[in-house]
Amino acid sequence: MTITPLIAGNWKMNGLRSSLDEVAELAGLLTTGEAPRALVVICPPATILHTVASAGATSGILAGGQDCHTAVSGAHTGDLSASMLADAGAQYVIVGHSERRAAHGETDEVVRAKAEAAIGAGLKPIICVGETESERDAGNAEAVVASQITGSIPDAAGQHEVIVAYEPIWAIGTGRTPSCEEIGQMHNAIRRQLVERFGEKGASTRILYGGSMKPMNAREILDIENVNGGLVGGASLLAKDFYTIISAV
């Protein structure tokens with residue numbers, strides 16, 4: 001089964017209107033160089049989401065949100081619903097990122113509800129899972145991630161497209177990266193669980209790696225079995241770095 005890889009850039013709380021120059025540069029690289037062999041998604045802050053979606057349309061750059069509320073609308077000051085993101089041009093949305101789980105206390109139940117809201121609005125949720133350093137050191141990494149997958153992925157994933165992003169929390173922004181063997185073991189375990197639960201749909205679900213993916217290690221990581229792309233942080237802010245990762249597919 002051939003799965004077209006997906007490379008998603010999570011800008012986090014970075015990016016002003018001046019950052020759109022990087023999007024324009026990336027668009028130029030994607031349209032003048034060899035055609036990318038991956039889907040390309042940028043998840044900018046909501047303030048420039050619509051502009052990124054519009055600017056990227058002609059070059060194949062897709063847009064995504066970084067989070068959404070569980071509700072369709074209502075008295076939730078400062079929050080954004082999935083339908084608002086879709087209305088702004090998003091096709092994807094990240095839910096359950098480790099920074100949201102840690103800083104905002106998001107549980108698997110909340111993440112599942114957000115994924116359901118995303119699907120309801122026609123978005124494809126990128127559902128994040130991953131273990132802490134202490135959980136890995138205790139030998140519980142696979143059990144922790146398996147529990148998160150069970151709790152965070154809605155049953156609707158059997159009929160709708162969802163993406164799973166494995167992000168070892170201890171590798172995010174630290175410069176540390178698990179060995180290829182460790183990444184492979186986790187991605188294989190995730191695949192087995194998805195197939196067991198969703199059958200053929202689980203076999204075709206993209207599993208992204210998200211933990212300090214950079215231009216210098218992207219090719220090696222993307223070559224690992226069951227790594228179907230990447231969720232890229234800091235390296236996605238610079239067009240040349242992000243394009244190098246995209247080209248590594």
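So here's what we get for this one:
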{"item": "Neighbour net charge for A143 - beta-carbon separation under 12 angstrom, K R +1, D E -1", "result": "-2"}
{"item": "M216/T150 FRET efficiency (R0 30 Å; Cβ-Cβ; nearest 0.05)", "result": "0.30"}
{"item": "Mean-position separation - Cα centroids, the stretch 213-249 and the stretch 125-185, in angstrom", "result": "17"}
{"item": "Cβ-derived FRET efficiency at R0 30 Å, R197 paired with N14, nearest 0.05", "result": "0.30"}
{"item": "Semi-axes of the equivalent ellipsoid for the chain, Cα gyration tensor, largest first, Å", "result": "25, 22, 17"}
{"item": "Environment charge at V93 (Cβ cut-off 9 Å; Lys +1, Arg +1, Asp -1, Glu -1)", "result": "+1"}
{"item": "Euclidean distance of C-alpha centroids, the stretch 67-83 and the stretch 1-36, integer Å", "result": "26"}
{"item": "Length released on extending from A138 to T47, taking residue separation times 0.36 nm less the Cα-Cα span", "result": "28.7 nm"}
{"item": "L62 long-range amide H proximity, modeled H, under 5 Å", "result": "V40, V41, I42"}
{"item": "The stretch 161-206 pair-distance distribution - Cα-Cα, 10 Å bins, rounded %", "result": "26, 45, 25, 4"}
{"item": "Partner aspartates and glutamates for K114 [C-alpha distance under 19 Å; skip if fewer than 8 residues away on the same chain]", "result": "D67, D79, D87, E99, E106, D155, E161, E167"}
{"item": "Translational diffusion of the stretch 14-99, µm² s⁻¹ [Kirkwood Rh, Cα pairs; Stokes-Einstein; 10 °C; 1.306 mPa s]", "result": "116"}
{"item": "Proximal lysines to K214, defined as alpha-carbon separation beneath 24 angstrom and excluding residues fewer than eight positions away on the same chain", "result": "K12, K240"}
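Only the coordinates and a few stated rules stand behind these numbers; no lab work does. Keep in mind that this is a model prediction, so the values were computed, not measured. Cβ atoms come from the backbone with ideal geometry, glycine included; neighbour counts cover every protein chain shown.
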